[in-house]
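The values are calculated or read from the model by the stated rules, or taken from the named source; none is laboratory data. Quantities reported herein were computed from a predicted structural model and do not represent experimental measurements. Here the Cβ positions follow ideal geometry from the backbone for every residue, glycine too, while neighbour counts run over all protein chains shown. Just the protein is used for accessible areas: all its heavy atoms, side chains included, with ligands, DNA and RNA removed. Shrake-Rupley method; radii C 1.70, N 1.55, O 1.52, S 1.80 Å.
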Amino acid sequence: MLADWTQQEVLTGTTIMAVEYNGGVVIGADSRTSSGTYVTNRTQDKLTPLTEYIYCCRSGSAADTQAIADHVRYYLDFSRISQGREPTVRYAAHVMQSILYNNRDNLSAAVIVAGWDEVNGGQVYCIPLGGLLVRQPMAAGGSGSTYIWGHLDAQFKPGMTDTECQEFVAKSVSLAIKRDGSSGGVCRLAVINRSGVQRRIIMHEDLPKSYDG
Amino acid sequence: LFPLQFSSAMSASFYTKPANNGNAGVAMETSWDSNPGRQRTLQPITTGASVLAIKYNAGVIMVADTLGSYGSLAKFRSIPRVLRVNDATVAAASGDLADMQFLNTVVENHAIDEEIHEHGIAYSPASLHSWLTRVMYNRRSRINPLWNTYIVAGTEAGQPFLGYVNMLGVAFKEDCLATGFGSHLCLGLLREALDAAGGYAGLTEETATSALEACLRVLYYRDCRAYNQYQLANVPVAKPAQVSGPHFLQSDWSVAKLVKHYTE
């Protein structure tokens, strides 16, 4: 007789987000991986590089998304050589989509591909469960995102600076962490632009405060 | 359509009706049994997570966080789950919070009744524990459980008392107790604290409190349904029970800085 949580898939319960700004993108995620109600990893890194300038935020089954991200990273590595230049964010998103769409019946994976390229600057591409691809100025995913759509819709405005985007993402992820049992821990942030990726971590006690009642 | 039942606690006497019907000797209870179509509690809806408790040399301490979860949603963040019954008795519940509130109301009403009667007899933790066991087992036997696990703590005959009752009517007494996830992740820690002190008679209040706090921290790290705000109930043998809170739990996330990606 095995305990409940050993029989359940390890999921990134999750809150993930990405926002475009003029010159790059800001991405963010919580750090909780859960198996049923057990937290298997409280300091997970859900922001995964596909190339030097393109990241993906992973939600859904941890195993599925890790395996697929490894695949996509390998494929894009190869394309860099065959195309002779950094892959575009759009290309990376399409590679990701083709795997997620064609295997949709066997996968539980939803990702946000975001990054910067020479051609179109900062871009965010959302790929939810069925394998749809859609570019959005702001995208959120994972179970925690359901609790903050109102906040996102009310607070997002186009044309924010990268600092404003970081505050927006940190605040949103923090609100989701506080309401979603499947999200938690710290907030990991990354800013991706022409100069590459700068990663940040907002410790649990430093998360933006909000009404706690 | 069944008649609406506003408060079964106030209607008809509870658990004293003779079994003069076909219910196999089990006492009738209000409208549930005469209305077979009525819904029974099949799943908990708004739930409370772990309750932890440990005896120390001069009493017993119990802690419970203040979160009411609605599935995975942390919906109610300031729900008190610890009930102060009287100077010598406290109780806390995990599981369905509606069932907890129902039972707590019944217990409070009994305590008021006892005061009114002025006979100087009040609930002791052992008598509450015993009563609760009978109620929970009775409901379980009618396949309509109160979906809770209770921990009763207090002072009984000058000694610290600690008892457990769950929705099946399983009941026992111990020097340290935990419900839910706490029973998996924390009982070992509490037992170690008792062993290190050579039994609860060697455990100070400070050590007991810090052991419970350490357990709450483990739960906050590892239980998806735990919270970092909690109530604490202390029932010293020689003094009245005190429920304090909300207390805030500090947690250490520095290890997160060492983690990057998932492979090299």
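Students sometimes get this wrong: rank B:147, A:149, B:253 by accessible area, probe 1.4 Å, all chains present, largest first.
Reading off the accessible areas and sorting them downward yields A:149, B:147, B:253.
Place the peptides B:240-248, B:131-139, A:173-181 in order of packing, highest mean first, counting for every residue the other Cβ atoms within 10 Å and averaging per peptide.
A:173-181, B:131-139, B:240-248
I want the local charge near residue B:52. Using Cβ-Cβ distances under 13 Å, sum +1 for each Lys or Arg and -1 for each Asp or Glu among the other residues.
Taking every other residue near residue B:52 into account, the sum is -1.
Which value, in debye to the nearest 20, describes the size of the charge dipole of the protein assembly as shown about its Cα centre when Lys and Arg Cβ atoms bear +1, Asp and Glu Cβ atoms bear -1, and nothing else is charged?
That gives a dipole near 820 debye.
Sorting B:55, B:260 by accessible area (1.4 Å probe), largest first, what list results?
Largest accessible area first, the residues go B:260, B:55.
Within the set of other residues whose C-beta is less than 9 Å from the C-beta of residue A:47, count the net charge using Lys and Arg as +1 and Asp and Glu as -1.
Values: positive: A:46, A:58, A:188, A:199; negative: A:45.
Residues close to residue A:47 contribute a combined charge of +3.
Restricting to DSSP loop positions (anything but H, G, I, E, B) with no more than 16 other Cβ atoms inside 10 Å of their own Cβ, which trypsin sites (Lys or Arg not before Pro) remain in segment A:56-104?
Those that pass, being in a loop and sparsely packed, are A:85.
Using a 10 Å cut-off around each Cβ of peptide B:251-261, what is the average number of partner chain Cβ atoms that fall inside?
Counting Cβ atoms of other protein chains within 10 Å of each residue's Cβ and averaging gives 6.
Counting only other chains, and only Cβ atoms inside 10 Å, what mean value do you get across the residues of A:36-46?
The mean count of partner-chain Cβ atoms within 10 Å per residue comes to 5.
Looking at this model, which pairs from A:157/B:260; A:157/B:75; A:46/B:260; A:46/A:209 are more than 20 angstrom apart at the alpha-carbon?
A:157/B:260; A:157/B:75; A:46/A:209
Taking the alpha-carbon distance from residue B:173 and a cut-off under 30 Å, which lysines remain once sequence neighbours fewer than 8 residues away in the same chain are dropped?
B:17, B:55, B:239
From other protein chains only, count the Cβ atoms within 10 Å of every residue's Cβ in A:177-187, then give the mean.
The per-residue average across the peptide is 5.
Find out how many positive minus negative residues lie around residue A:143, taking Lys and Arg as positive, Asp and Glu as negative, among other residues whose Cβ is under 11 Å from that of residue A:143. Kindly include the intermediate steps, with their values, before the conclusion.
On the way: positive: A:32, A:179; negative: A:30, A:180.
Neighbourhood net charge equals 0.
Where the centre of each part is set by its Cα atoms, how far does segment A:22-55 sit from segment B:156-171, in angstrom?
Each part's Cα centre sits 44 Å from the other's.
Ignoring ligands, DNA and RNA, what percent of the accessible area of the protein assembly as shown is carbon or sulfur (1.4 Å)?
54
Along the charge dipole of the protein assembly as shown, Cβ charges K/R +1 and D/E -1, which of B:226, A:141, B:178 sits furthest on the positive end?
Final value for the positive-end residue is A:141.
For residue A:50, enumerate residues with amide H under 5 Å from its amide H, sequence gap 5+ or separate chain, H modeled in the peptide plane.
The list, which skips near neighbours in sequence, is A:55, A:56.
Just the accessible area for residue B:61, please: 1.4 Å probe, Å², rounded to the nearest 10?
0
From the phi angles alone, apply the Karplus equation (6.51, -1.76, 1.60; θ = phi - 60°) to segment B:245-260 and give each ³J(HN,Hα) in whole Hz, x where the residue is Gly or Pro.
Result, ordered by residue: x, x, 9, 10, 9, 7, 9, 10, 10, 4, 5, 4, 5, 8, 9, 9 Hz.
Rounded to the nearest 20 debye, what is the charge dipole size of segment B:106-264 about its Cα centre when +1 sits on each Lys and Arg Cβ and -1 on each Asp and Glu Cβ?
680
Need the per-residue list for segment B:68-98: every residue with at least 50 Å² less accessible surface in the complex of protein chains than in the chain by itself, probe 1.4 Å, sorted by number.
Those are B:72, B:73, B:77, which lose 50 Å² or more relative to the chain on its own.
In whole Å, largest first, what are the principal axis extents of the Cα atoms in segment A:1-141?
Principal extents (Cα only, largest first): 55, 28, 23 Å.
Residue B:185 accessible area, nearest 10 Å², 1.4 Å probe?
Using a 1.4 Å probe on the heavy atoms, I get roughly 50 Å².
Determine ³J(HN,Hα), in whole Hz, for all residues of segment A:116-133 in sequence, where each value follows from phi through the Karplus function 6.51 cos²θ - 1.76 cosθ + 1.60 and θ = phi - 60°; x replaces Gly and Pro.
Coupling constants for segment A:116-133: 10, 9, 4, 6, 10, x, x, 9, 10, 10, 9, 10, x, 3, x, x, 6, 10 Hz.
List the accessible area buried at the contact between A and B, summed over both sides and calculated with a 1.4 Å probe, in Å² to the nearest 100.
Details: alone 10530 and 14170 Å², together 21820 Å².
Interface area, both chains combined: 2900 Å², rounded to the nearest 100.
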